[in-house]
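Since the structure comes first, as structure tokens, the remarks are kept for the end.
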Amino acid sequence: MIVDMQRIVIVGMKSARRASVRLMQKMGAVQLQKIEDNTDDNADLMSFMDPGERIGHVDEEIVKVKAAMKILAAHGGTKAKRQKVDVEKFVDEKSYEGIRAIVSHINKCSLDIENAQKEMRVYDEKLQALLPWGDLQNPPGLRETECTNVFLGTLPLGYRTDCELMAIQELNRDVRQVYACIVCHKSVYKRAKRQLLEAGFVAKDFEDAENTVSSNIERLQEKIDVQTEIIKRATSEIESNVDKVSDLAVFYDYLANLRERRAACGEILAGRHSFVLGGWVPRDKFSELKASLESECNVIVRETESTEENPPILLKNSKIVQPFEAITELYSLPSKSDVDPNGVLAIFYFISFGMIMADAGYGLLLMIIPSVLLWIKKRHGMAAKMMKMLAICGISTVIWGILLGSFFGISTPPILFSPVTSSIKFLIMSLAFGTIHIAAGLILNAYLKFKQGEWMEAIGGSVTWVLVLLGGLIWLAGLFVPGASFGFILAAIGKYMLIAGAAGLLLLSGGREKNIFKRLFKGVSSLYGVIGFFSDILSYSRLLALGLSGGIVSVVINTMGTLAGTDNIKGIILLVLVSIVGHTFNLAISVLGAYVHASRLQYVEFFSKFYTGGGKKFEPLKFDGKYIEI
């Protein structure tokens, strides 16, 4: 059902603002909303708060906490799990002072590691460039003596020179080049230089040419060792805090909830000494909220009328129906003037999903897999509803699998009939189900119109069509039901319902039209609506098509698995592999098809008869988090 909502206004002194918002978040029963009054005349006295800057500060902290948690995870920290926390301790800012210091320290250590790694890369590049010159005895800056010139550089492998008075000392070599120190007499400098260039010589420049290469290498290695020690020390500091992951997770959720409170301040009309706040609360929670706020925060809470046609929508259904709310939410929440469709939708979705799947083996898997996933990891919101809905629909699939005789594509004695050999019966059953489904939508339409006082439209536009559809169905059933007396009674009941419905259409479809001829003309015209209803009913033939296709595919998979026989190891292995892969694929496709087409029947055939939608979800300010449970 749709929970009745109450618009409220809260007025208090400015000093009570934070306590009021925190208490409302703790109770989780109020959706804050700016008051509807025009405040232009009082703009100099009161204005809506701008929490942007304060939210920005929280966002910065959230980024730091997320970074710290990621750093701990990279250093062996376990993944944070949901945990129950005491609400009073959770909202106490002082309890997080130590955690703030840890977050800051972890991020600082990570930054130290990052900077040290950058320095190490620079030093290592310089070191690798110097290593081939390690055997050079003289400082690289020594390029000439009284009688000689010195060249330092590389030559390609297989170089050739024939200059006299020139000596080449190979210091090192790799797969591409030779690292050489070349000394020539000054008298042949130009000739030697020309020959070296022709041979592919590339001169080498050294950053520190005053000291020997070996001393530069030692100095670079010392710098690398210093940075290595910094990394080692910072890594050790981080690893000493890996057990703080759960504490950081709680702090993360604290900040997320603090952000929500600060964002809520944007809905507050504040002055120099007071504030005014509007919102929505479920009517059955109003008394408790009023008592708590007035006693603990010393504010005034009052009910108020709202000109808003669509207050936020909160649905309240049984645990069995709640999972099917996901189907409605994906379409649109009901408006204030709608009826909650989920109770009726759950019944027809349950049946149609099972008819499409119609395999007891697949149904067992559908019951087990979502249940196990929910047990392994507790989920919330839409994901939890979808998994619970699939598990419930697995029960329907098992039931229809037993009724129609199918277990992983293996034929079992059916209670009703086999869809493969009796497809006409399956088609008739699908169309009958569709007729009842559409009639249920019309009944809800009539209920809404009676509730709004439009009894003529309810009878002439909905009740009469219900009589026509159900009467026609019962009449046809009576013609084919075995047993002359029972069939005759059914046919008679259906015939009179059909006649009453048709007469009602002729006489009442004109609504409040006073002219009898215009009323009759509108009544006759309305009878053409049977064509639209007939096309709607025909769309339920998809239940037959999808049920048969899934069943036939599973039979083909079983046949393919037995191609190599079942009396040898090779054949058994093939059967197991084909069964696992094939049935997994067919299960996934069948579940997707059942979900899409069962939903389509609700949206197009069922909702179109009575449902407006367009409701806004009730989103109260409440404690919520990724890692905590209050």
**Request:** Using the structure shown, decide if Asn216 is farther than 19 Å from Arg18 by Cα and open to solvent by less than 30 Å² (accessible area, probe 1.4 Å).
**Result:** yes
**Request:** Filter the stretch 165-181 down to the residues that are among the hydrophobic types (A, V, I, L, M, F, W, C), in contact with a helix residue (DSSP H, G or I) (Cβ under 7 Å, 6 or more places away or on another chain) and on the phi < 0 side of the Ramachandran plot, then identify the one that is surrounded by the most Cβ atoms within 10 Å (Cβ to Cβ).
**Result:** Met166
**Message:** Based on this model, can you work out whether Leu72 counts as farther than 27 Å from Lys622 by Cβ and either open to solvent by less than 40 Å² (accessible area, probe 1.4 Å) or in contact (Cβ under 8 Å) with a residue 24 or more places away in the chain (or both)?
**Reply:** yes
**Fill in**
Those residues of the stretch 554-585 that are surrounded by 14 or more Cβ atoms within 10 Å (Cβ to Cβ), without any contact (Cβ under 8 Å) to a residue 40 or more places away in the chain and in a helix (DSSP H, G or I) come to a total of 8
**Asked** Can you tell me which residue in the stretch 398-413 is surrounded by the fewest Cβ atoms within 10 Å (Cβ to Cβ), limited to those that are under 40 Å from the mean Cα position of the chain (by Cα), of a type outside the set (Phe, Trp, Tyr) and assigned to a loop (DSSP other than H, G, I, E, B)?
**Response** Thr412
**Message:** For the stretch 82-131: of the residues being of a type in the set (Asp, Glu) and more than 30 Å from Asp174 (Cα to Cα), which is least open to solvent (accessible area, probe 1.4 Å)?
**Reply:** Asp112
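Please go through the stretch 457-466 and give me each residue that is in contact with a Leu (Cβ under 7 Å, 6 or more places away or on another chain) and not β-branched (Val, Ile, Thr), ordered by number.
Answer for the stretch 457-466, where residues must be in contact with a Leu (Cβ under 7 Å, 6 or more places away or on another chain) and not β-branched (Val, Ile, Thr): Gly460, Ser462, Trp465.
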**Message:** Is it the case, given these coordinates, that Gly266 is farther than 30 Å from Asn107 by Cβ and either open to solvent by 40 Å² or more (accessible area, probe 1.4 Å) or not β-branched (Val, Ile, Thr) (or both)?
**Reply:** no
**Request:** Looking for whichever is closer than 30 Å to Lys126 by Cα, open to solvent by 30 Å² or more (accessible area, probe 1.4 Å) and within 40 Å of the chain's Cα centre (by Cα) here; the options are Lys232, Lys223, Lys244. Which one fits?
**Result:** Lys232
**Request:** Determine whether Lys79 is open to solvent by 40 Å² or more (accessible area, probe 1.4 Å), of a type in the set (D, E, K, R), outside any helix (DSSP H, G or I) and touching a residue at least 60 places away in the same chain (Cβ under 8 Å).
**Result:** yes
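Rundown of residues vs (1) surrounded by fewer than 20 Cβ atoms within 10 Å (Cβ to Cβ); (2) under 13 Å from Glu296 (Cα atoms); (3) at pLDDT 85 or above, yes/no style:
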{"residue": "Ser15", "(1), (2), (3)": "yes, yes, yes"}
{"residue": "Ser20", "(1), (2), (3)": "no, yes, yes"}
{"residue": "Gln25", "(1), (2), (3)": "no, no, yes"}
{"residue": "Asn42", "(1), (2), (3)": "yes, no, no"}
**Message:** Pairs please, first residue from the stretch 484-505 and of a type in the set (D, E, K, R), second anywhere and open to solvent by 40 Å² or more (accessible area, probe 1.4 Å), Cβ atoms under 6 Å, 6+ apart in sequence or on different chains.
**Reply:** Lys495/Trp475
**Message:** Quick check on the stretch 306-360: of everything there that is outside any helix (DSSP H, G or I), out of contact with any strand residue (DSSP E or B) (no Cβ under 6 Å at 6 or more places or on another chain) and among the charged types (D, E, K, R), which residue is surrounded by the fewest Cβ atoms within 10 Å (Cβ to Cβ)?
**Reply:** Lys319
**Of the criteria (1) under 29 Å from the mean Cα position of the chain (by Cα); (2) open to solvent by 50 Å² or more (accessible area, probe 1.4 Å), which one Met386 fails** = (2)
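The values are calculated or read from the model by the stated rules, or taken from the named source; none is laboratory data. On a predicted model such as this, the values are computed, not experimentally measured, just so you know. Cβ: placed from backbone, ideal geometry, glycine included. Neighbour counts: every protein chain shown. The protein model used for the area step is the full one, side chains on, heavy atoms only, and it has no ligands, DNA or RNA in it. Shrake-Rupley method; radii C 1.70, N 1.55, O 1.52, S 1.80 Å.
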